[in-house]
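A.B. asks: Would you mind keeping the following structure in view while I ask a few things?
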Amino acid sequence: MNKVILVGRLTRDPEVKYTPTGKMVATFTLAVDRGYTANREQKETDFVPIVVWGNTAEFCGNYLNKGSKILVDGRLQIRSYEKDGQKRYVTEVIANSVDALERKSSTGTNESQQVKESIASFGSDVDINDEVPF
């Protein structure tokens, strides 16, 4: 079985193209945190090339941009080609589905940033000397 499920953030806006036969394809790179290094100093990140076809590619082109947090469900593909007489290999994920894990608001900030700001301001307007209503 060849199945890949990744959660990460786009490193750039998706690049949408059409094949000569008219099929839509989107490509982008997904930054996926691997966890902390052995000495626990910093997280390691993998940068995974993603290829998306059809209606899902259209969704990616219209609704995702650099920094979007997404879930990708797909399969791993390793292909090869020749360039200047040398065989080269490409490893990429062919996505079956892509789900946005955050929504952009009309102000341009993402939903998780709004939640963080709400939590930070929670209780800041409460005067400790006022009578509690319960």
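A.B. asks: What are the pairs with Cβ atoms under 8 angstrom where one residue, in the stretch 62-83, is under 13 Å from Phe28 (Cα atoms) and the other, located anywhere, is among the hydroxyl-bearing types (Ser, Thr, Tyr) and open to solvent by less than 100 Å² (accessible area, probe 1.4 Å)? Sequence gap at least six, or different chains.
C.D. replies: Lys66/Thr11; Lys69/Ser112; Val72/Ser97
A.B. asks: Continuing with the same structure: Suppose we filter Val98, Val90 for residues that are within 20 Å of Asp46 (Cβ to Cβ), open to solvent by less than 80 Å² (accessible area, probe 1.4 Å), touching a residue at least 24 places away in the same chain (Cβ under 8 Å) and touching a helix residue (DSSP H, G or I) at 6+ places or on another chain (Cβ under 7 Å); which single one remains?
C.D. replies: Working: Val90 fails: touching a helix residue (DSSP H, G or I) at 6+ places or on another chain (Cβ under 7 Å).
Answer to the selection: Val98.
A.B. asks: How many of the residues making up the stretch 1-43 are over 13 Å from the mean Cα position of the chain (by Cα) and open to solvent by 70 Å² or more (accessible area, probe 1.4 Å)?
C.D. replies: 17
A.B. asks: Please go through the stretch 32-55 and give me each residue that is in contact with a strand residue (DSSP E or B) (Cβ under 7 Å, 6 or more places away or on another chain) and either within 15 Å of Val4 (Cβ to Cβ) or of a type in the set (Asp, Glu) (or both), ordered by number.
C.D. replies: Within the stretch 32-55, Val32, Asp33, Arg34, Glu44, Asp46, Phe47, Val48, Pro49, Ile50, Val51, Val52 qualify.
A.B. asks: Are there any strands (runs of 3 or more DSSP E) wholly within the stretch 1-104 with 3 or more residues that are hydrophobic (A, V, I, L, M, F, W, C), and if so which?
C.D. replies: Working: elements: 4-10, 15-18, 24-36, 43-53, 69-83, 86-100.
Because the criterion is at least 3 residues that are hydrophobic (A, V, I, L, M, F, W, C), the strands (runs of 3 or more DSSP E) in the stretch 1-104 that meet it are 4-10, 24-36, 43-53, 69-83, 86-100.
A.B. asks: In the stretch 12-22, is there at least one residue being in contact with a Phe, Trp or Tyr (Cβ under 9 Å, 6 or more places away or on another chain) and closer than 13 Å to Ala95 by Cβ?
C.D. replies: So far as the stretch 12-22 goes, yes, one or more of its residues are in contact with a Phe, Trp or Tyr (Cβ under 9 Å, 6 or more places away or on another chain) and closer than 13 Å to Ala95 by Cβ.
The values are calculated or read from the model by the stated rules, or taken from the named source; none is laboratory data. Only a predicted model underlies this, so the values are computations on that prediction, with no experimental measurement involved. Every residue, glycine as well, gets a Cβ built from its backbone with ideal geometry; the counts of neighbours run over all protein chains shown. Ligands, DNA and RNA are stripped out before the accessible areas are found, and what is left, the full protein with its side chains, is counted by its heavy atoms. Shrake-Rupley method; radii C 1.70, N 1.55, O 1.52, S 1.80 Å.
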